1. Enumerate the pairs (first residue in the stretch 101-115 and of a type in the set (Lys, Arg); second residue anywhere and modelled with pLDDT of 95 or more) with beta-carbon separation below 7 Å, excluding pairs fewer than 6 apart on the same chain, so at least 6 apart or on different chains.
2. Using beta carbons and a limit of 9 Å, which pairs, at least six apart or on different chains, have the first residue in the stretch 57-75 and more than 16 Å from the ligand (Cβ to nearest atom) and at pLDDT 95 or above and the second one in a helix (DSSP H, G or I) and of a type in the set (Phe, Trp, Tyr)?
3. Given (1) under 13 Å from the mean Cα position of the chain (by Cα); (2) open to solvent by less than 20 Å² (accessible area, probe 1.4 Å); (3) within 20 Å of Pro197 (Cβ to Cβ), where does Ile70 come up short, assuming only one miss?
4. Would you pick out the residues in the stretch 150-180 that are open to solvent by 60 Å² or more (accessible area, probe 1.4 Å) and either under 21 Å from Phe113 (Cα atoms) or part of a helix (DSSP H, G or I) (or both)?
5. Just give me the residues in the stretch 76-122 being surrounded by fewer than 19 Cβ atoms within 10 Å (Cβ to Cβ) and within 16 Å of the ligand (Cβ to nearest atom), in sequence order.
6. Could you list all residues from the stretch 32-63 that are touching a strand residue (DSSP E or B) at 6+ places or on another chain (Cβ under 7 Å) and either over 18 Å from Gly126 (Cβ atoms) or of a type in the set (D, E, K, R) (or both)?
7. Among what's in the stretch 19-46 and is over 15 Å from the mean Cα position of the chain (by Cα) and open to solvent by 50 Å² or more (accessible area, probe 1.4 Å), pick the residue that is modelled with the lowest pLDDT.
8. When only residues in the stretch 137-149 that are part of a loop (DSSP other than H, G, I, E, B) and closer than 16 Å to Leu214 by Cβ count, which is most open to solvent (accessible area, probe 1.4 Å)?
Amino acid sequence: MNKQGPIGIFDSGYGGLTVFKEIIKELPQYNFVYLGDNARVPYGTRSFETVYQYTWESVQALFELGCPLIVLACNTASSKALKSIQTINLPQFPDNRRVLGVIRPTTERIGEFTKSRSVGILATPGTVMSNSYKIEIKRFFPDIEVFQEACPIWVSLVENNEINSPGAEYFVKKHIDQLLAKSDKIDTILLACTHYPLLYPLIRKFTPPSIQILQQGEIVSKSLSKYLEHHPEIDHQLKKDSEILFYTTESPEVFNEKAGLFFGKEVNSTHISL
Ligand code: DGL
């Protein structure tokens, strides 16, 4: 990859757009390609092998679109596929390409937010089962206790735009109650799935006001900006004329219609086969 290229942003569906929106605010001069694997969402209930295979196929597609740097704006892919991609796949390329995730930027800052040193994690079953948050938080902040709750239905509620339905109220309340029943010391809840910010109004409604709710978009975008400052050799490979392209593995018409809800403005996407 000798030419300059865009930053690739990947998610299993629409969720990554909640992070992408913040990244564009932080780095408006860069070119970006967003890829949503909408045809195969959700990833959160799938096996390690499947998430790794789907994620690696998507990363390869973004390489082919010329991206020297890719952000997995998906916690499930970050927890189940990132390490294998970094250690098995990337060393096979002679050039300097990079794939980053969303777990490390969040876990290295979580200590700034909690006073009680008890943190709740709301995530997909895949992210919870991988224990990535528990392991990473212990590495940075051994004094913090982590309580996790898997919310298997939440991604489907968001992908199907059921976020204001009575069903969404039921499932959001159920998992908040189950998380808070694990400890009365939790003072910070992290939305560790990029789809969950769309459920924020309901999550806020069923969470006591004394508990803060963290979203990842701003944390990840600030971390990416710092990363580029500290890695000029990567930054020099990135094109900066503010062009943004969207690709989906499903129907572009449906993507365009739904993506606005996550992204906050109209998008025009193209179909891609993996
Ligand atoms: N948005 C993804 C995440 O952050 C998960 C969605 C899915 O289950 O595919 O974990």
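The values are calculated or read from the model by the stated rules, or taken from the named source; none is laboratory data. None of these values were measured; they are calculated from a predicted model. Here the Cβ is made from the backbone with ideal geometry for all residues, glycine too, and neighbour counts use every protein chain on show. Only protein heavy atoms, including side chains, enter the accessible area calculation; ligands, DNA and RNA are left aside. Shrake-Rupley method; radii C 1.70, N 1.55, O 1.52, S 1.80 Å.
1. These pairs meet every condition: Arg104/Glu136; Arg109/Ile219; Lys115/Asp187.
2. Leu69/Tyr227
3. (3)
4. If the condition is that a residue be open to solvent by 60 Å² or more (accessible area, probe 1.4 Å) and either under 21 Å from Phe113 (Cα atoms) or part of a helix (DSSP H, G or I) (or both), then Pro166, Glu169, Tyr170, Lys173, Lys174, Asp177, Gln178 are the ones that fit.
5. Those that are surrounded by fewer than 19 Cβ atoms within 10 Å (Cβ to Cβ) and within 16 Å of the ligand (Cβ to nearest atom): Lys83, Arg104.
6. Phe32, Val33, Tyr34, Leu35, Ala61, Leu62
7. Thr45
8. Looking only at the stretch 137-149, we keep the residues that are part of a loop (DSSP other than H, G, I, E, B), and these are 141-144.
Filter once more, so that each one left must be closer than 16 Å to Leu214 by Cβ: 141, 144.
Details: Phe141: 42, Ile144: 1 Å².
So, considering only residues that are part of a loop (DSSP other than H, G, I, E, B) and closer than 16 Å to Leu214 by Cβ, the one most open to solvent (accessible area, probe 1.4 Å) is Phe141.
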